[in-house]
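Okay, so here's the structure we're looking at.
The values are calculated or read from the model by the stated rules, or taken from the named source; none is laboratory data. None of the values given here were measured: they were computed from a predicted structure. Here the Cβ positions follow ideal geometry from the backbone for every residue, glycine too, while neighbour counts run over all protein chains shown.
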């Protein structure tokens, strides 16, 4: 029993002697945890802003690519920038309340350097296929690639120091270039109206124009000799077999799929 009491006294004494050290260790661990939490407090909004900008890059590149396929002659770059990066819903700011994105740091490019091979296009390498694609404007002129480059810039240039002399502003001094890209095929032969369809059909010398002009010439030749002896006062023939039929379809094509 005496030995047990003595052992307990030794343990209590050792615990009392080590108490200051344990308290100091607890304080140190608390400070480390505080620094980690403070870093997360700064890093989470910083990362959230970058992810939001990246999402808008995706949206802007897709919008620009599809806009090109509709207009075929360019995009409205200022309007796209305002819509996805500088409207009221997208005003990213740093901890100093300054905008981290300026218009000169947003670059929108369209390039068509990569082209499809003949094997990836309509009719592939069949006889006269390339000629018809070129005359009907179906030959691929290059895959439309819309590239959006963004460079967020923070206004905090100096070091943000805490009372613990720990640097907490390093994230806001990082320069992270961001780039997103959308690629899409354009002008696959779709026409926006019946008139455009007829015009596209008639511009091919191989598929239409040469044969039609030969037939027109023969018809005019016959008309020149037949008109003086024609006694029924019928209307003169029209030597245009496309445009007068714009928007018209035979009835059997309009009978509900019968």
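There is at least one residue in the stretch 154-164 that is at pLDDT 75 or above and over 30 Å from residue 132 (Cβ atoms).
Go through the stretch 170-213 and count every residue that is loosely packed, with under 13 Cβ neighbours inside 10 Å, outside any helix (DSSP H, G or I) and at pLDDT 90 or above. So the answer is 1.
Kindly establish whether residue 97 is surrounded by 11 or more Cβ atoms within 10 Å (Cβ to Cβ) and either assigned to a loop (DSSP other than H, G, I, E, B) or modelled with pLDDT of 90 or more (or both).
Details: surrounded by 11 or more Cβ atoms within 10 Å (Cβ to Cβ): no; either assigned to a loop (DSSP other than H, G, I, E, B) or modelled with pLDDT of 90 or more (or both): yes.
No.
Answer with yes or no whether residue 217 is modelled with pLDDT of 90 or more, outside the structural domain of residue 140 (by the TED database), assigned to a helix (DSSP H, G or I) and surrounded by 15 or more Cβ atoms within 10 Å (Cβ to Cβ).
Working: modelled with pLDDT of 90 or more: yes; outside the structural domain of residue 140 (by the TED database): yes; assigned to a helix (DSSP H, G or I): yes; surrounded by 15 or more Cβ atoms within 10 Å (Cβ to Cβ): no.
The answer is no for residue 217.
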